Amino acid sequence: NEKQNKKLIPIKFYDLQASAGNGCFTSIENYETLNIGEDYLNKIGIRGNYNRIAIIRAKGISMYPTICDGDFLFVDTDNKEVLNDKIYIINESGLLKVKRVLRDSPFSKTITIQSDNRQSGDYPPYDIEIDGCQNVICGTIICLTRSL
């Protein structure tokens, strides 16, 4: 049983950054495999089907204070259901962004992409059509680890 608690799970760490700002160009072919203890993954709420999990780094300050520059984001790449007030990795024309998504109702034809940092005024919210959303949402942020 002790050996089971020390089991290491290979998780893909992508050599790219999701911008908490205006976006970063991406190349998702390059990744490293990080071996993370299964007990740690379970503690942060990640259980089973570990192949769906990816880790990327946040870049920028538009999602501050929720997400800081350099934070490691655990992304559920299978969960693309658009719910109100959740944080997603969004791909817009090859640019990866980490943003909060607002949706008035499950029947709404548009979603609002919003940054949490509203102090500077540099990151205004904007709307996109829900029809194209399935190609835009790359995954849901399920956990983050603060960079030191």
Collect the residues in the stretch 27-80 that are surrounded by fewer than 19 Cβ atoms within 10 Å (Cβ to Cβ), in a loop (DSSP other than H, G, I, E, B) and of a type in the set (A, V, I, L, M, F, W, C), keeping them in residue-number order. I28, I44, C68
Condition met for N84 (modelled with pLDDT under 90 and open to solvent by 40 Å² or more (accessible area, probe 1.4 Å)): no
Of all residues in the stretch 104-122, which are in contact with a strand residue (DSSP E or B) (Cβ under 8 Å, 6 or more places away or on another chain) and either in contact (Cβ under 8 Å) with a residue 24 or more places away in the chain or more than 21 Å from E81 (Cβ to Cβ) (or both)? I111, S115, D116
How many of the residues in the stretch 115-147 are open to solvent by less than 60 Å² (accessible area, probe 1.4 Å), modelled with pLDDT of 85 or more and more than 20 Å from T77 (Cα to Cα)? 5
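The values are calculated or read from the model by the stated rules, or taken from the named source; none is laboratory data. Since this is a predicted model, take the numbers as computed values, not measurements. Virtual Cβ from ideal backbone geometry, glycine too; neighbours counted across all protein chains shown. Note: areas computed on protein heavy atoms with side chains; ligands, DNA, RNA excluded. Shrake-Rupley method; radii C 1.70, N 1.55, O 1.52, S 1.80 Å.
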